[in-house]
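The values are calculated or read from the model by the stated rules, or taken from the named source; none is laboratory data. Bear in mind that the values here come from a model prediction, so they are computed numbers and not experimental data. Because the Cβ atoms are built from the backbone with ideal geometry, glycine has one as well, and the counts that use them run over all protein chains shown. Remember, those area values only see protein heavy atoms, side chains included, never the ligands or the DNA or RNA. Shrake-Rupley method; radii C 1.70, N 1.55, O 1.52, S 1.80 Å.
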Amino acid sequence: QVQLVESGGGLVQAGGSLRLSCAASERTSSSDAMGWFRQGPGKEREFVAGLVWSGGNPSYADSVKGRFSMSRDNTKIAVYLQMNNLKPEDTAVYYCAAGRRSPWPDRPHSYTYWGQGTQVTVSS
């Protein structure tokens, strides 16, 4: 029911920055939580950042704390991921996800809706 579309991925050198966007078709009780996940080559999907529309501060994976920041735009029903000081290990397909508020925002199964992903490649 909820469609998510990611954009903003691309190729960047180590130390550079990218800003990812995720536009949602609607906001419902089943999509109160928003998250960013990524999946690198030969790796499992992992949590990057998450927030709740109704309030609270974003949470982040330890690997991106201090470098990435997540924000929301209520009027556009969109969330963003500002990525700074990118490293080659950040190379992955980044996915936007939405679901009900959960005590486990870092788990993929906590989210019901997923975008198709956007590729981020960081060269050394």
Single residue of 13, 1 found to be out of contact with any Lys or Arg (no Cβ under 6 Å at 6 or more places or on another chain), surrounded by fewer than 16 Cβ atoms within 10 Å (Cβ to Cβ) and at pLDDT below 95: 1
So which residues in the range 67-90 are more than 20 Å from residue 33 (Cβ to Cβ) and either in contact (Cβ under 8 Å) with a residue 60 or more places away in the chain or of a type in the set (Lys, Arg) (or both)? 67, 83, 84, 85, 86, 87, 88
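Any chance you could count how many residues in the range 15-41 are farther than 15 Å from residue 99 by Cα and either more than 16 Å from the chain's Cα centre (by Cα) or not hydrophobic (A, V, I, L, M, F, W, C) (or both)? Full working, then the answer.
We begin by selecting, within the range 15-41, every residue farther than 15 Å from residue 99 by Cα; these are 15-21, 38-41.
With either more than 16 Å from the chain's Cα centre (by Cα) or not hydrophobic (A, V, I, L, M, F, W, C) (or both) added as a condition, the list becomes 15-17, 19, 21, 38-41.
Total meeting the criteria: 9.
If I ask for residues that are of a type in the set (Phe, Trp, Tyr) and either within 13 Å of residue 102 (Cα to Cα) or in contact (Cβ under 8 Å) with a residue 24 or more places away in the chain (or both), which ones from the range 42-66 would you list? Spell out how you get there, then give the answer.
Start the filter on the range 42-66 by keeping residues that are of a type in the set (Phe, Trp, Tyr), which leaves 47, 53, 60.
47, 53 - these are the residues of the range 42-66 that are of a type in the set (Phe, Trp, Tyr) and either within 13 Å of residue 102 (Cα to Cα) or in contact (Cβ under 8 Å) with a residue 24 or more places away in the chain (or both).
Here is a yes/no grid of residues against (1) on the phi > 0 side of the Ramachandran plot; (2) surrounded by fewer than 14 Cβ atoms within 10 Å (Cβ to Cβ); (3) not basic (Lys, Arg):
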position	(1), (2), (3)
44	no, yes, yes
56	yes, yes, yes
65	no, yes, no
72	no, no, no
91	no, no, yes
102	no, no, yes
109	no, yes, yes
Please verify whether residue 124 is touching a residue at least 12 places away in the same chain (Cβ under 8 Å) and open to solvent by 70 Å² or more (accessible area, probe 1.4 Å), treating the condition exactly as stated. yes
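Would you mind finding the one in 117, 55 that is under 22 Å from residue 23 (Cβ atoms) and under 15 Å from the mean Cα position of the chain (by Cα)?
Details: 55 fails: under 15 Å from the mean Cα position of the chain (by Cα).
Criteria check complete, one pass: 117.
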